[in-house]
C-alpha cells in the first residue's frame, strides 16, 4: 500500500507541477520531455528503485504501449496539416521523409559498420532506428494550429508524421539481414512488391477510413441529429480502425494513421473553405456547441477540431508516460550509455548524418539557407527510435542486436537534451526575423 500511495503522489505531483509551471518551462531552454526523462531516471534502479523495467522481460508490453502512443501522435500531426494536397509544401515532406532519411541511413550504416564494427544487419538496424524523427517529442517544432503554413514548421511536422512509417521497410530489410524472416523477404523481387504493397495499402486504407468516418458522422449529425458528442471515441476509434485494418493486410500501419488524419482534415477543409476552423467556430458560444455540431456549415470544423484537441491532450499523457519509462530504462543501463562507443554515433548522427541527408535532399527546394540549416539540426529522436528498438528486440535475439541498445538509448537522451534545449531558442529567433 505504501508503494502504491507513493506512485499516486509522484505522478499526481508531476502532473500538477507541469500544468502549473508550463509557461515557465516554455520560457526556459528545456522541455517537458527533459523533466519526464529525469524523473524516470530518478525512479529507476540507479536511484530510488521504484520503477524497474527489464527490456528482455517486458519487451512485448513496452512495444505495445509505445506503439499505441505513436499512433495517437501520428494521427494528431496529420490533423494539424491543413493545406491542399497540391500545395508545394508537401514536396518538402516527401524530400525529408524520403531522400533525406535514406541518405541519413546510408551514412549511419557506414559509421556503425566500419566505425563500431557491427555486422551488416545490426548496423543497418541501428541506422534505420535512429533515422526517423520523432512525432511525440517535437511539440515545439509543430505547426501552431491547423492551417499554419509556415514552411519550416510544416516541413518538420509532416516529416515526423510520415517518416516513422517510411522507416519500416529499412527496418524489415535490416531484420532480414539478421536472419529474421518477414513478408516476401526470402526473395528481392517479392520483398520489393511487399514494400510497394505496404506503402500503397497504407495510404489507401488511411485515406478511405479518414474520409469515410468524418463523412458518415457529419451526415448523421446534420441529417438525423445522431452520433453527437464523444469525439474522443471517434478519434481513438478511427486510429484503431486504420491501424488494425492496415496490419491485417501487411501494410505500414503508421503511415495509414497519419494519412487518416490528413484525409479527415482534407474533408473539413473542403466543407469549410480556406477560413481556419478556429475562426469558423470562434463565434459559436459555449452553450450552442451542440447546435454547431448539427449545422451543415460548421459540422466538419466542429468534428475535426474536437477530435484533434482530444488527440493532442492524450498525446501529452503519452509523452509523460513513455519518457518516464525510457528514463527508467536508461537508469538501469547508464554505465553502458557513458561509454564513448555509445556516445559518438549519436553525435555523428546529429552533426554529420542528419545535416548531410537533410541538406542534400532540400537542394533546390523552396526553403532558404537559414531554413535548411535549422531543418538539418532540428531532427528530434525519441519515442520512434525506442519503438523500433523494442520491435527489433522482440523479433531478434538479444545476442544478435544487443550491441545497438546503448547506442540508441544514448541517441534518445542526447537528442532530448541537445535538441530540447536549443529548439525553442532557435525557432523564436527564426520567427522574429521573419516578422
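Worth a mention:
- Screening 23, 52 for residues that are surrounded by fewer than 17 Cβ atoms within 10 Å (Cβ to Cβ), more than 18 Å from residue 412 (Cα to Cα), more than 21 Å from the chain's Cα centre (by Cα) and without any contact (Cβ under 8 Å) to a residue 24 or more places away in the chain leaves exactly one candidate, 23.
- Criterion: under 25 Å from residue 70 (Cα atoms), surrounded by fewer than 19 Cβ atoms within 10 Å (Cβ to Cβ) and within 21 Å of the chain's Cα centre (by Cα) - qualifying residue of 327, 357, 309, 382: 309
- Conditions (1) more than 24 Å from residue 209 (Cα to Cα); (2) free of Cβ contacts under 8 Å to residues at least 40 places away in the same chain: number failed by residue 86: (1)
- Checklist (1) touching a helix residue (DSSP H, G or I) at 6+ places or on another chain (Cβ under 9 Å); (2) modelled with pLDDT of 90 or more applied to residue 313, failing item: (2)
- So residue 208, is it at pLDDT 90 or above and within 21 Å of the chain's Cα centre (by Cα): no
- First in the range 113-134 and touching a residue at least 60 places away in the same chain (Cβ under 8 Å) and on the phi > 0 side of the Ramachandran plot, second anywhere and surrounded by fewer than 24 Cβ atoms within 10 Å (Cβ to Cβ) and in a helix (DSSP H, G or I), Cβ under 7 Å, 6 or more apart: none
- Each residue in the range 395-423 was checked for being at pLDDT below 90, surrounded by fewer than 18 Cβ atoms within 10 Å (Cβ to Cβ) and in a helix (DSSP H, G or I), and 5 of them qualify.
- Residue in the range 221-236 that is surrounded by the fewest Cβ atoms within 10 Å (Cβ to Cβ), counting only those that are in contact (Cβ under 8 Å) with a residue 24 or more places away in the chain and assigned to a helix (DSSP H, G or I): 232
- Count - residues of the range 354-368 that are part of a loop (DSSP other than H, G, I, E, B) and modelled with pLDDT of 90 or more: 2
- Of all the criteria given as (1) in contact (Cβ under 8 Å) with a residue 60 or more places away in the chain; (2) at positive phi; (3) more than 23 Å from the chain's Cα centre (by Cα), the one not satisfied by residue 183 is (2).
Here's the yes/no breakdown for (1) crowded, with 22+ Cβ neighbours inside 10 Å; (2) closer than 27 Å to residue 352 by Cβ; (3) under 23 Å from the mean Cα position of the chain (by Cα):
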| site | (1), (2), (3) |
| --- | --- |
| 75 | yes, no, yes |
| 79 | yes, no, yes |
| 92 | yes, yes, yes |
| 96 | yes, yes, yes |
| 104 | yes, yes, yes |
| 109 | yes, yes, yes |
| 112 | yes, yes, no |
| 121 | no, yes, no |
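The values are calculated or read from the model by the stated rules, or taken from the named source; none is laboratory data. Not measured: the values here are computed from a predicted model. Ideal geometry is used to build each Cβ from the backbone, glycine not excepted, and the neighbour counts take in all protein chains shown.
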